[in-house]
Amino acid sequence: MSNSRTILHVEDRAEDVFLLQYAFKRADITHAVQVTVDGQEAIDYLSGTGKYSDRDQFPLPCLVLLDLKLPIRMGLEVLEWIRSKVAFKSLIVIILSSSIYEGDIKRAYDLGANAFLVKPSDSKMTLDMCQALKHFWLQHNHSPLSSPEFRP
């Protein structure tokens, strides 16, 4: 659990999930990707409740890619929930949204987002973004969650 190689992608648009998974493959990102399609499902996944109670099948992620506009619970609500939990204070949460609204960006950082990325408009830019994610967040960054002492 502590050395998770899982990414949680919280996204309700199937085409955005497909495009990101395709770009991950092209960027040679080998982490498992778990997808939740609404904010409540993301919280259930992270808390290990309901259908997500099996941590072997649904391991805690090393990184969360979180859309803002989601059904049931919005992305900023999910981010606020994540940061309210001691076990997830250091979890890397990157907002990946089509929003360029300054209020969304400021609120995301105020709530503890590690980064705010605007969804790229074409496949080349998506690949570039995924390569940057891979190099910075998945290879070079060291997180307390990756240490053996981490136990949620």
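A short reminder: the numbers here are calculations on the coordinates, not readings from a lab. Computed from a predicted structure; not experimentally measured. Backbone-built Cβ (ideal geometry, glycine too); neighbour counts: all protein chains shown.
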Next on the checklist: Given a Förster distance of 30 Å, report the FRET efficiency between residue 54 and residue 118 from their Cβ-Cβ distance, rounded to the nearest 0.05.
Outcome noted: 0.30
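Please work out whether segment 1-71 counts as rounded, prolate or oblate from its C-alpha gyration tensor, where a ≥ b ≥ c are the square roots of the eigenvalues and a/c under 1.5 means rounded, while otherwise a/b larger than b/c means prolate and anything else oblate? Spell out each step's value before the answer.
On the way: a/c = 2.25, a/b = 1.14, b/c = 1.97.
Oblate shape, in that a/c is at least 1.5 and b/c is the bigger or equal ratio.
When only Cα pairs under 8 Å and 6 or more residues apart are kept, what is the percent relative contact order across the chain? Write out the running numbers ahead of the final one.
Details: 230 pairs, mean separation 42.2, N = 152.
For the chain, the relative contact order is 28 percent.
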Item to check | Expected-Rg normalisation [2.2 N^0.38 Å, Cα atoms] applied to the chain | outcome: 0.97
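Give the peptides 18-30, 62-74, 131-143 in descending order of average Cβ contacts within 10 Å, highest first. Before the final figure, lay out each step's value.
Details: 18-30: 15.9, 62-74: 20.8, 131-143: 13.8.
Per-residue Cβ counts within 10 Å, averaged per peptide and sorted highest first, yield 62-74, 18-30, 131-143.
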Next on the checklist: Once R0 is set to 41 Å, what does the formula 1/(1 + (r/R0)^6) return for the Cβ-Cβ distance between residue 32 and residue 109, expressed as a FRET efficiency to the nearest 0.05?
Outcome noted: 0.90
Next on the checklist: Can you return the aspartates and glutamates within cross-link range of residue 51? Criterion is Cα-Cα under 14 Å, with same-chain partners fewer than 8 residues away left out.
Outcome noted: 41
Next on the checklist: Cβ neighbours within 10 Å, averaged per peptide: list 114-122, 35-43 in order, most packed at the top.
Outcome noted: 35-43, 114-122
